[in-house]
Amino acid sequence: MPKLSTRITGIMPSGKDGWEVHFAALARKQAGEPILMLSVGDHDFDTPEGTVEAGVEALRKGHHHYIQLAGLPRLRTGLAKLSTQCTGVETAPEEIIVTQGGQGALFGACQALLDQGDHAIIIAPFYATYPGTIRAAGGTFTEVLALAENGFEPDPKDIEAAIQPNTRMLLINSPNNPTGTVYSRKTIEAIADIAKRHDLWVVSDEVYWTLAAGREHISPRSISGMKERTLVVNSLSKSHGMTGWRLGWLTAPEEVIRYLTNLNIVSSYGMADFISHAAAEAVEKGHGVEEIAERYKARRKIFMDALKGANNISIRGSEGAMYVMVDVSAVEPDAETFAWGLLEAEQVAAMPGTSFGEAAQGHLRFSMCQEEEVLKEAAQRVRRFAENYV
Ligand code: PLP
């Protein structure tokens with residue numbers, strides 16, 4: 001075979017992505033073993049009925065064609081309103097581009113901001129695709145550790161210390177995957193201050209903004225002087241129960257949106273027509289949003305209550321998103337060893353924290369994408385496993 005580009009072979013240099021426990025558990029589940037899958041961040045329920053109906057109707061009405069490259073105008077208008085709500089800043093449709101999920105928005109943001117060899121700062125633990133998305137844009141990155149003892153909020157001093165002459169962007173994520181942490185106003189303001197003083201972009205991944213569980217969601221875009229240097233990654237996947245529809249968006253200054261529209265010409269050629277119509281309806285009517293937020297709030301509480309008081313286990317972060325981060329380092333410093341052991345002994349699948357960077361060593365991420373009874377049972381098994389750990 002002739003040589004492949006280093007751009008493509010370099011996206012995942014180790015060939016490993018830390019998801020081995022999940023894939024092994026999934027294979028065993030598919031082979032019929034009764035594994036409790038708490039490793040994946042995808043809803044256990046289907047997309048709300050109103051959105052499904054809108055999709056079927058859009059297909060029947062003949063929405064089968066190419067659409068505007070930055071997104072269906074009706075959808076951009078709806079997303080601009082949603083973005084205004086999410087970020088607290090009045091947003092125009094021209095500041096929105098519709099993307100293939102939040103991941104498409106992240107990909108676009110990195111393509112727009114990074115030249116070959118440019119540097120980004122990410123906060124660990126981080127969502128597993130961040131390193132590869134930066135590498136795919138030719139960038140390099142430094143991980144700033146957000147420590148468990150600080151509730152997984154980063155220390156702004158550490159962010160500032162990681163800045164290099166070629167640093168272009170800070171990538172942050174609140175509510176956070178994997179920790180569930182919702183960043184305080186103080187942290188967001190300090191990050192904004194650093195970005196302004198060092199003339200950096202902030203890419204703010206806010207795909208879990210509706211799942212802040214009563215905490216205040218603060219977007220850096222709302223801080224004075226930040227609108228012109230902030231790109232907000234967003235998605236209907238989690239908020240509207242639409243992971244498989246691949247519908248996300250980026251909120252950014254108009255000029256960035258215009259360049260990203262050019263990128264769409266040579267990449268996706270825009271989004272699917274009927275999906276965009278269904279998404280517009282989902283956004284306008286808010287199908288499922290409140291119910292989904294309530295459901296995850298209740299599930300997190302049930303899981304955390306069932307673990308409360310267990311020997312050898314403590315819970316960190318976890319105010320928001322759809323995850324609970326559990327500290328098992330008192331019995332096993334190596335999260336992967338613990339995760340494999342838990343799968344073998346108790347048939348519970350969780351993600352070792354190391355899948356999200358070294359800062360989450362000694363921790364496991366449990367996803368709340370299961371019915372309450374399953375979560376209770378899983379918590380009992382985790383408890384038993386940790387209490388009898390040898
Ligand atoms: N950002 C974070 C923090 C996520 O957890 C995810 C998905 O799990 C995404 C982005 C990607 O979202 P989407 O499924 O809409 O591409």
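Per the listing S239, S267, the residue uniquely hydroxyl-bearing (S, T, Y) and within 24 Å of A213 (Cβ to Cβ) is S239.
Of the listed requirements (1) farther than 24 Å from V283 by Cβ; (2) surrounded by fewer than 22 Cβ atoms within 10 Å (Cβ to Cβ); (3) within 16 Å of the ligand (Cβ to nearest atom), S184 misses just one: (3).
Check whether at least one residue in region 307-317 is more than 20 Å from V182 (Cβ to Cβ) and either of a type in the set (S, T, Y) or outside the structural domain of F23 (by TED's automatic domain parsing) (or both), and report yes or no. No, region 307-317 contains no residue that is more than 20 Å from V182 (Cβ to Cβ) and either of a type in the set (S, T, Y) or outside the structural domain of F23 (by TED's automatic domain parsing) (or both). Hey, A70 hits all of (1) in a loop (DSSP other than H, G, I, E, B); (2) of a type in the set (A, V, I, L, M); (3) more than 23 Å from the chain's Cα centre (by Cα) but one; which does it fall short on? (3) is the only condition that A70 fails.
Only one of the listed residues (I223, I194) is more than 16 Å from the chain's Cα centre (by Cα) and farther than 28 Å from G78 by Cβ. That residue is I194. Take I218 and tell me if it is in a helix (DSSP H, G or I), outside the structural domain of R299 (by TED's automatic domain parsing) and buried (at least 21 other Cβ atoms within 10 Å of the Cβ). So I218 does not fit the description; no. Would you mind stating whether T51 is outside the structural domain of S235 (by TED's automatic domain parsing) and surrounded by 13 or more Cβ atoms within 10 Å (Cβ to Cβ)? It is true that T51 is outside the structural domain of S235 (by TED's automatic domain parsing) and surrounded by 13 or more Cβ atoms within 10 Å (Cβ to Cβ). Exactly one residue among R135, R215, R197, R221 is at pLDDT below 95 and of a type in the set (K, R), and that residue is R215. If you go through region 133-173 and keep only what is within 16 Å of the ligand (Cβ to nearest atom) and part of a helix (DSSP H, G or I), you end up with T133, I134, A136.
Do we find that F107 is closer than 17 Å to T230 by Cα and out of contact with any Cys (no Cβ under 9 Å at 6 or more places or on another chain) in this structure? Criteria met by F107.
Picking from residues in region 216-252 that are more than 22 Å from H287 (Cα to Cα) and of a type in the set (K, R), the one that is nearest to the ligand (Cβ to nearest atom) is R221.
Look at region 33-47: where a residue is away from the ligand (no atom under 12 Å from the Cβ) and a partner is of a type in the set (F, W, Y), sitting 6+ places away or on another chain with Cβ atoms under 6 Å, you get L38/F366.
Checking each residue in region 254-277 for being closer than 15 Å to C110 by Cα and either within 12 Å of the ligand (Cβ to nearest atom) or touching a Leu at 6+ places or on another chain (Cβ under 8 Å) (or both) picks out V256, I257, L260, T261, N264. Residues in region 170-224 that are within 17 Å of A120 (Cα to Cα) and either among the hydroxyl-bearing types (S, T, Y) or out of contact with any helix residue (DSSP H, G or I) (no Cβ under 9 Å at 6 or more places or on another chain) (or both): S204 only. Inspection of region 96-113 identifies no residue that is surrounded by fewer than 24 Cβ atoms within 10 Å (Cβ to Cβ), over 20 Å from the mean Cα position of the chain (by Cα) and not aliphatic (A, V, I, L, M). The residues listed here are G101, G71; of these, the one that is modelled with pLDDT of 95 or more and either within 14 Å of the ligand (Cβ to nearest atom) or touching a Pro at 6+ places or on another chain (Cβ under 7 Å) (or both) is G101.
The values are calculated or read from the model by the stated rules, or taken from the named source; none is laboratory data. Remember, it's a predicted structure, so these values are computed and weren't measured experimentally. Every residue, glycine as well, gets a Cβ built from its backbone with ideal geometry; the counts of neighbours run over all protein chains shown.
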